[in-house]
Amino acid sequence: MRPLFLVLPLSLLCAPQAGAQSGNYPVTDDTPMSTVQVKAQPSFHIWDYQADAIRGTYELSNGWRLKVQPTRDGAVARIDNQRPIRLVAQSPDRFVSRDGNVIMDFNQGDEREDMRMSYVPGDTTNPQLAQVIVVTAKMAQR
């Protein structure tokens with residue numbers, strides 16, 4: 001069974017703005033209503049020494065190789081020869097794709113050289129099934 005506890009945070013990351021309303025049902029023209037606007041967390045600026053801590057090549061537990069190159073506002077990650085994934089920094093150790101489908105947590109483990117990536121697979125056969133895959137990685141090369 002895949003960890004489903006990541007589904008709610010991922011769904012919150014997917015919506016740059018979300019709204020909530022409260023009021024009586026059924027809604028009529030004279031029903032009082034409250035509205036709340038929620039905005040996504042802005043990107044986090046990482047410093048050069050923080051960028052150096054995530055830079056490198058990682059060997060993922062499923063056999064893939066992940067190369068991470070920091071950028072001004074986040075990082076670019078490339079798995080094997082696939083297209084690059086642009087990530088936005090949310091903290092010095094957490095990077096998220098703009099669509100919220102990929103989350104990478106760096107500086108994990110006792111020696112702070114491990115990484116954990118969770119992602120929503122792009123080829124799900126049942127779109128009604130929520131699925132998140134979690135892969136761990138060890139630093140292979142700086």
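Read-outs throughout are calculated quantities, based only on the coordinates presented, and are distinct from any laboratory measurement. As the structure is a prediction and not an experimental result, all values here were calculated from the model. Every residue, glycine as well, gets a Cβ built from its backbone with ideal geometry; the counts of neighbours run over all protein chains shown.
Applying 0.36 nm per residue to the separation of ASP80 and GLU111 and subtracting their alpha-carbon distance, the gain on full extension is 8.7 nm. Ranked by how many other Cβ atoms sit within 10 Å of their own Cβ, fewest first, the residues PHE95, PHE44 fall in the order PHE44, PHE95. For the pair ARG55 and ARG94, the difference between a 0.36 nm per residue extended length and the Cα-Cα distance amounts to 12.7 nm. How much of the calculated P(r) for region 55-129 lies past 21 Å, in percent of all Cα pairs? More than 21 Å apart: 25 percent of the Cα pairs in region 55-129. Subtracting the Cα-Cα distance of TRP64 and TRP47 from their residue separation scaled by 0.36 nm leaves 3.3 nm.
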